[in-house]
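The values are calculated or read from the model by the stated rules, or taken from the named source; none is laboratory data. Since the model is a prediction, treat every value here as computed from it, not as a measurement. Cβ coordinates were reconstructed from backbone atoms using ideal geometry, including for glycine residues, and neighbour counts include every protein chain displayed. We work out accessible area using only protein heavy atoms, side chains counted, and drop any ligands, DNA or RNA first. Shrake-Rupley method; radii C 1.70, N 1.55, O 1.52, S 1.80 Å.
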Amino acid sequence: MRGVRFEEFGGPEVLRVVELDAPEPAAGEVTIDIAYVGVNFADLQARSTGYRVPGLPFVPGLELSGRIRALGSGVEGFTIGQPVAAITEGGAYAEVVRAKAATVFPIPDGIDLRTAATLPTVLPTAYALVNTVGRVRPGEIVLVQAAAGGVGTVAGQVAKLAGASAVYGVVSSTEKAEYARKRGYDDAFLSDTFDTDVLAATGGRGVDLVLDPVGGDTLRRSLDTLALFGRLVSFGNAGGEPAWQVGQPELYPRGRSISGFSILSLTATEPQVLREIAAHAFELVTSGKVELPITAEFPLAEAGDAHRLMGGRTSTGKLILAV
Ligand SMILES: NC(=O)c1ccc[n+]([C@@H]2O[C@H](COP(=O)([O-])OP(=O)(O)OC[C@H]3O[C@@H](n4cnc5c(N)ncnc54)[C@H](OP(=O)(O)O)[C@@H]3O)[C@@H](O)[C@H]2O)c1
């Protein structure tokens, strides 16, 4: 089978098309003939910094859609040829992938294979950030960093459905701000000035919840946009700054809290909880309440171009690879 892998860490040019043996399913696993792969920022971090890469060479790719190819021993509830979507621990930039049956999902009625490839990571992540970890209550105000990206595009919509009275986004360009406003954000601010803009938009009150995938200075500035007893959920480090640290001086005076979330850790440790969250999240798409536009599609062999687009900070919505 064809796959795209890297043998060293670096820029998009380290992604190479290679011929590989198709994997066989171990006990409790399935193999899937892949149709489409969702591109995640974590794929870029794997390629450039080794994020969650157990060893080289490595085939990236965390989410995909396709058809069940073979069942490992002990797997029940799936049939050969069944259309599915899945989260994996890598390996999806290929024609065939192995996945734990516990993190493979039948594709909901009315969803095609192309759309299904966009669902496994982004939707459950946004759902968990807003509802499970962020615990948005009706009437609260929410701020989402990287609002025009994959997670950001749906997080605003999910927050509105949870009853948020206003949802603001932060982005790096006026084009992205325009996109975010069309995707359910009440307003979108530029990264340089978001803290003063948010305080102005809320009459100095601040927001109840910030969702932050950027980290570093952005996270520290986001803390200062929180209202009394406000909460921040950290879920990424797209800015590439050293791991943040905060303590009593930042948290005590106004009763702030910080929590974290990782869908890949949840996938590895609590697949049943992931399935419950995913079921709620997928329902938001099948009912038409949440939309995640695919804004660019690349052939598998051109995965490097998808990485260039996302890494250059000009992409919006979701990028996919066609296998
Ligand atoms: N913890 C979890 O479970 C989980 C799950 C999925 C994704 N994530 C995280 O959520 C974030 C978004 O992921 P995604 O896959 O949906 O990607 P994406 O948002 O489509 O693309 C990457 C985003 O990062 C922002 N960004 C900020 N600083 C950047 C920098 N220095 N270089 C490049 N991009 C930068 C860009 O927005 P601007 O250009 O507007 O700043 C862009 O929206 C990532 O940090 C990812 O690791 C976490």
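List of remarks:
- Which listed residue is free of Cβ contacts under 8 Å to residues at least 24 places away in the same chain and either hydroxyl-bearing (Ser, Thr, Tyr) or out of contact with any Pro (no Cβ under 6 Å at 6 or more places or on another chain) (or both), from Thr79, Thr49, Thr31: Thr79
- Positions within the stretch 202-224 being more than 22 Å from the chain's Cα centre (by Cα) and either within 16 Å of the ligand (Cβ to nearest atom) or open to solvent by 50 Å² or more (accessible area, probe 1.4 Å) (or both), in sequence order: Gly203, Gly204, Arg205, Arg221, Asp224
- The set of residues from the stretch 282-316 being within 12 Å of the ligand (Cβ to nearest atom), over 21 Å from Arg52 (Cα atoms) and among the hydrophobic types (A, V, I, L, M, F, W, C) comprises Leu292, Ile294, Ala296, Leu309.
- Residue within the stretch 235-257 that is within 15 Å of the ligand (Cβ to nearest atom) and β-branched (Val, Ile, Thr) present: no
- Condition check for Ile111: open to solvent by 20 Å² or more (accessible area, probe 1.4 Å), away from the ligand (no atom under 13 Å from the Cβ) and touching an Asp or Glu at 6+ places or on another chain (Cβ under 8 Å): no
- Residue-level check: of (1) buried (at least 16 other Cβ atoms within 10 Å of the Cβ); (2) more than 26 Å from the chain's Cα centre (by Cα), Ala26 misses just (1).
- Pro54 being in a loop (DSSP other than H, G, I, E, B) and open to solvent by 60 Å² or more (accessible area, probe 1.4 Å): yes
- Positions within the stretch 240-289 being touching a strand residue (DSSP E or B) at 6+ places or on another chain (Cβ under 8 Å), open to solvent by 60 Å² or more (accessible area, probe 1.4 Å) and within 14 Å of Thr125 (Cα to Cα), in sequence order: Arg275
- Scan of the stretch 70-94 for residues that are open to solvent by 60 Å² or more (accessible area, probe 1.4 Å) and within 26 Å of Val17 (Cα to Cα), ordered by number: Glu89
- Looking across Arg67, Arg47, one residue alone is assigned to a helix (DSSP H, G or I) and either open to solvent by 30 Å² or more (accessible area, probe 1.4 Å) or touching a strand residue (DSSP E or B) at 6+ places or on another chain (Cβ under 8 Å) (or both). It is Arg47.
- For the residues Gly110, Gly163, Gly216, the requirement of being of a type in the set (Gly, Ala, Ser), at pLDDT 95 or above and within 29 Å of Arg275 (Cβ to Cβ) singles out Gly163.
- Filtering the stretch 155-163 for residues that are among the hydrophobic types (A, V, I, L, M, F, W, C), more than 30 Å from Val18 (Cα to Cα), within 10 Å of the ligand (Cβ to nearest atom) and buried (at least 20 other Cβ atoms within 10 Å of the Cβ) leaves a non-empty set.
- Residue, least open to solvent (accessible area, probe 1.4 Å), within the stretch 190-201, restricted to residues that are within 14 Å of the ligand (Cβ to nearest atom) and hydrophobic (A, V, I, L, M, F, W, C): Phe194
- Any hit, the stretch 126-142, residues being crowded, with 19+ Cβ neighbours inside 10 Å and under 27 Å from Val323 (Cβ atoms): yes
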